[in-house]
1. Name every residue in the stretch 17-63 that is touching a Gly at 6+ places or on another chain (Cβ under 9 Å), open to solvent by 10 Å² or more (accessible area, probe 1.4 Å) and within 21 Å of ALA160 (Cβ to Cβ), in order of residue number.
2. Would you tally the residues in the stretch 174-198 being open to solvent by 10 Å² or more (accessible area, probe 1.4 Å) and in contact with a Leu (Cβ under 6 Å, 6 or more places away or on another chain)?
3. Just to be sure, is VAL214 open to solvent by less than 30 Å² (accessible area, probe 1.4 Å) and within 16 Å of the ligand (Cβ to nearest atom)?
4. Would you confirm, using the coordinates I've provided, whether ARG31 is at pLDDT below 95 and either away from the ligand (no atom under 16 Å from the Cβ) or not aliphatic (A, V, I, L, M) (or both)?
5. Assuming VAL327 fulfils every condition listed in (1) within 16 Å of the ligand (Cβ to nearest atom); (2) out of contact with any Ser or Thr (no Cβ under 6 Å at 6 or more places or on another chain) apart from one, which condition is it?
6. Taking the stretch 340-357 as the region of interest, how many residues are open to solvent by 30 Å² or more (accessible area, probe 1.4 Å) and either among the small types (Gly, Ala, Ser) or outside any helix (DSSP H, G or I) (or both)?
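The values are calculated or read from the model by the stated rules, or taken from the named source; none is laboratory data. If you're wondering where the values come from, they're calculated on a predicted model, not measured in any experiment. Positions of Cβ are backbone-derived with ideal geometry, glycine not excepted, and every protein chain shown enters the neighbour counts. To get the accessible areas, we keep the full protein, side chains included, count just its heavy atoms, and leave off ligands, DNA and RNA. Shrake-Rupley method; radii C 1.70, N 1.55, O 1.52, S 1.80 Å.
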Amino acid sequence: MKVAFLSASGELGGAERCLLDLIRGLRRELRKFDPMCILPEEGPLAEALRQLGVSVEVVELPKFLASTGDSGERSRLTVALRLLAGVPAVPAMVRRLRRLLVDRSCDLVHSNGVKTHLLSALAVPRTMPLLWHLHDFVGARPVAGALLRAAAVRPVTLVANSRAVAEDAAQRLRLPSVRHIHNAIDLTQFVPESLEGSWLDSAAGLEPAGGRVVRVGLVATYARWKGQDQFIDAVAQLGDSIRQAGRFYIIGGPIYRTRGSQWTQEELHRRIRERGLSGCLGLVGFQSDPARVMRSLDVVVHASTRPEPFGLTIAEAMAAGRAVVAVSAGGSAELFRPGIDALAIRPGSVPDLREALARLIADESLRRRLGASAAVEARKRFDLHRFAGEFAGLYRNLAGIDDP
Ligand code: GLC
């Protein structure tokens, strides 16, 4: 089965890491699976795909589309105007994309991001089944949401990464229902074994901790809504003795092109300095081996200030048997049992986060209990075989190909 995957980003964010896992999993589920990936640029995703032996084609997104998004802080009018100004660049790109799909006689097109969903509606011939894999809330992107509604007039199968995203999409796109398939992770990499975490101090530019400390990390891209500011504030509000028993890390980097939607390192550094935390809270840049990061931490924090579509880092941290604090809203609320597999906090609540951190830093047995239960639960929920199997079934139906 020839499947073309369209990615809106060439970086390795959550949606792109899912795509890699999906392709790995599908290789085992489909006997004849011939994937091709169309990306907007060279970069880490292209490299990872080539390492898997997947063929990669680069079709650049028109510049305006690459740098415009409405999930950030900008006004709808700005987004709409920027999009409109770029419209003349679209037809050539659409033609290139269509030619590529037709020349390769693809059996199915799987689009992995909002921007490629929009382009695919124009570029994918109607005779080719089209699937939109929704990784984000359509409702959080008013302009893209309106465009997607118009684009969904073409026959398209929607799959969301969580029930919350599916319900939001059905409502916004005025569809009777949208199915969801929870993401999976590589459970052979995210294993519940601890690694010595002192490397995090040097990576974050902190003095080595003298003696045993509880290492607490927020692992996320620098999107503003990931709550790095809340994490800094919560650490600042911890009592002195609790704070001194911990080391705190913000791990990740600004990986997206979309303007205005991300923290800069300088902003985060400034906030850390202003709260007097420079000695215990540091920034660790983007890490290509997230399993190593998870296993080096004692506590993993998820602090998104808006409902999270899914929350891949929560799944990864659970599988690695860490003690997790996570926002229970949107898709992330579907991933764990509060108080059993993780401590739940409300989105945007610094007091909730401070209290959860204080409990976890002070109580090693609570950390162990949560981590042990999370590791077992993650093996049930985030299995790659289940994830890829569901997609394989869907592909067979859509393409009308009986590949056992
Ligand atoms: C997007 C979502 C995130 C999800 C990931 C994979 O990045 O924001 O919540 O984990 O896609 O589906």
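1. Matches in the stretch 17-63: GLU29 only.
2. 1
3. It is false that VAL214 is open to solvent by less than 30 Å² (accessible area, probe 1.4 Å) and within 16 Å of the ligand (Cβ to nearest atom).
4. So ARG31 fits the description; yes.
5. Condition not satisfied by VAL327: (2).
6. Here the count works out to 5.
Table: residues versus (1) open to solvent by 10 Å² or more (accessible area, probe 1.4 Å); (2) within 20 Å of GLN230 (Cβ to Cβ).
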{"position": "ALA245", "(1), (2)": "yes, no"}
{"position": "ILE250", "(1), (2)": "no, yes"}
{"position": "GLU267", "(1), (2)": "yes, yes"}
{"position": "ILE272", "(1), (2)": "no, yes"}
{"position": "GLY282", "(1), (2)": "no, yes"}
{"position": "ARG292", "(1), (2)": "yes, no"}
{"position": "ALA303", "(1), (2)": "no, yes"}
